[in-house]
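Here is the structure we will look at.
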Amino acid sequence: MDQGVAHPETAERVTSREQDAVRLLLLIDGACEPVSDAERADPGLESAVGVVRTQVRLQKLDFWLRNPDYLADELLTKYEATTEARLLELAGRILDSEEPEVRCYPMLRHHFGAYEPLDDALAVLRSAGLVARRRRGTVNRVRQHDYFLLEAGRKVAREAIQEAPAFQYYVDRVQLVLDLADGRGGNQLKKQQYLQREYAEAARGDRIGWVSVRARARLEELRKQARNGDAEAGDHG
């Protein structure tokens, strides 16, 4: 089966504006960094409690959130570099389940990598007074967008989790994505994601293909290696 094409069960799956709004609110809540006093002095940002800097970073974090198979495969890559058993276990929890199929919402391949228009979902959050966006740059050239979580947004995010425990999935996944990102900025994450062949070779404007079959085969091979390593250690014990 060609892994460079969209998964037949997920190729046409898209999220609603409301689903995107909730996911992005929980992502911004989990990923935001402290706001400076100077930024909080900006009219409309008086109640800001955090900020995610650049749309590129937001999009790249969202890519791993929307594509559990890529997230798991990155965990395997990190496991190979560190041999930290926890990473193999976390990847296994994802790949041993149906999560890569039922939680996958493929993103488009854009000029700068994975991209999905966020304006509609962000408009929901902005109109409700939960998130504020600020452009940085000049009148003729916007250098970046920053997304500020307002106090009301944090309150709604926490209430949503209490009222609908199913949203805890996104809270847990956001933390895993952030651990994997390890503080890297949007451009660094973009370079990391481009190392995936299916990601890099997707035609511009097409949805990025899935990697679950390859990731599951890789998981089993790494598990086999780990078992053999444990057996050898036991023989020498």
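The values are calculated or read from the model by the stated rules, or taken from the named source; none is laboratory data. Since this is a predicted model, take the numbers as computed values, not measurements. Positions of Cβ are backbone-derived with ideal geometry, glycine not excepted, and every protein chain shown enters the neighbour counts. Remember, those area values only see protein heavy atoms, side chains included, never the ligands or the DNA or RNA. Shrake-Rupley method; radii C 1.70, N 1.55, O 1.52, S 1.80 Å.
Before moving on, here are some points about what is shown:
The rows are residues; the columns are (1) over 22 Å from residue 128 (Cβ atoms); (2) under 13 Å from the mean Cα position of the chain (by Cα).
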residue: 18; (1), (2): no, no
residue: 30; (1), (2): no, yes
residue: 34; (1), (2): yes, no
residue: 45; (1), (2): no, no
residue: 61; (1), (2): no, yes
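- Candidates in region 52-88 are the residues that are free of Cβ contacts under 8 Å to residues at least 24 places away in the same chain and hydroxyl-bearing (Ser, Thr, Tyr); of these, the one that is most open to solvent (accessible area, probe 1.4 Å) is 83.
- From the list 30, 129, the one residue that fits, being open to solvent by 10 Å² or more (accessible area, probe 1.4 Å) and touching a residue at least 60 places away in the same chain (Cβ under 8 Å), is 30.
- The set of residues from region 31-77 being of a type in the set (A, V, I, L, M) and not in a helix (DSSP H, G or I) comprises 35, 41, 45, 48, 49, 51, 52.
- Residues located in region 193-225, provided they are among the acidic types (Asp, Glu), open to solvent by 50 Å² or more (accessible area, probe 1.4 Å) and either at pLDDT below 75 or within 20 Å of the chain's Cα centre (by Cα) (or both): 201, 206
- Output for region 168-190, where each listed residue is surrounded by fewer than 17 Cβ atoms within 10 Å (Cβ to Cβ), in a helix (DSSP H, G or I) and out of contact with any Gly (no Cβ under 9 Å at 6 or more places or on another chain): 168, 169, 172, 179, 187, 188
- The residue that is nearest to the chain's Cα centre (by Cα), counting only those in region 182-192 that are in contact (Cβ under 8 Å) with a residue 12 or more places away in the chain and within 15 Å of residue 75 (Cβ to Cβ), is 189.
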